[in-house]
Amino acid sequence: MGRFTSTALLGLASGLALGVDIPHKTYECVDDVCAQQPPGTPASASLSMEACAITCGAGSLWPLPSGSYNFGGTLTPVSLDPSTVLITHTVPSAAAKAVLETMEDVFLDELAVIVSRSSTASSASGLPLRVNLDVADPGAVLTLATDETYSLTTTVEASYIMASIVAPSVFGARHGLTTVAQLIAANPAGANIVIASDVTITDDAPGFPYRGVLVDTGRHFMPITQLRRTIDAMALNKVRSCW
């Protein structure tokens, strides 16, 4: 087994050194499972595992929405070029607006991470992304009584892809932004980035008003960079507090 593995790795390294184009594995949703497609599948139908999983079966969204949801089945190439991503919002107070704008910056950072996942995926290949947030509550402080629900739809318009988020509070809107980011995937197999473009999620909300992670820095030293990564991971999983 060791000899076979060494030979295979040597062959792979030789292929890379000679500039051989090793094709990406491609997948198709079959009976709610992403099944690998045979070699030679047309590029127009090529999906990476990550892209296929977005809408296949129960989808890859985590955590699954607590309200009603329909992920649809359509994946559309989307442009994540910073010059074309447009975020608009309606918010009733300056304090809530300031918090929401910080959340929007984090969302843009999440999109940048998606772009960086594949060197072959073009961030400008596809329809521009527009996100609209409609927030009702002027509050800007998170409490145990804060309503963190949100509703989300994604649609393909004439010249862009629209993600519409409606939420009682900016904190619900933040969860909606996280969900939008999770509905986007780099697709190296098709040399593009795709988004689930016919999604409807209604009244998704965290299952518990209090959620957190215990970080024991007294007995286990953690550098600040690692703590920040932990907080980012918590946000992606819609967890609320860390200490």
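Observations on the model:
- Pairs with Cβ under 6 Å, 6+ apart, first in region 73-89 and β-branched (Val, Ile, Thr), second modelled with pLDDT under 90: Val78/Gly126
- Selection status of Glu157, among the acidic types (Asp, Glu) and in contact (Cβ under 8 Å) with a residue 40 or more places away in the chain: no
- Top-ranked residue of region 27-42 - restricted to ones that are exposed (fewer than 15 other Cβ atoms within 10 Å of the Cβ) and at pLDDT 85 or above, ranked as farthest from Ala58 (Cα to Cα): Gln36
- Any pair with Cβ under 6 angstrom, 6 or more apart, that starts in region 212-226 at a residue that is touching a residue at least 12 places away in the same chain (Cβ under 8 Å) and closer than 24 Å to Leu142 by Cβ and ends at one that is among the hydroxyl-bearing types (Ser, Thr, Tyr) and surrounded by 10 or more Cβ atoms within 10 Å (Cβ to Cβ): Gly212/Ser241
The values are calculated or read from the model by the stated rules, or taken from the named source; none is laboratory data. What you see is a predicted model; the values in this text were computed from it and never measured. Don't worry about glycine lacking a Cβ; one is built from the backbone with ideal geometry, like all the others, and counts go over all protein chains shown.
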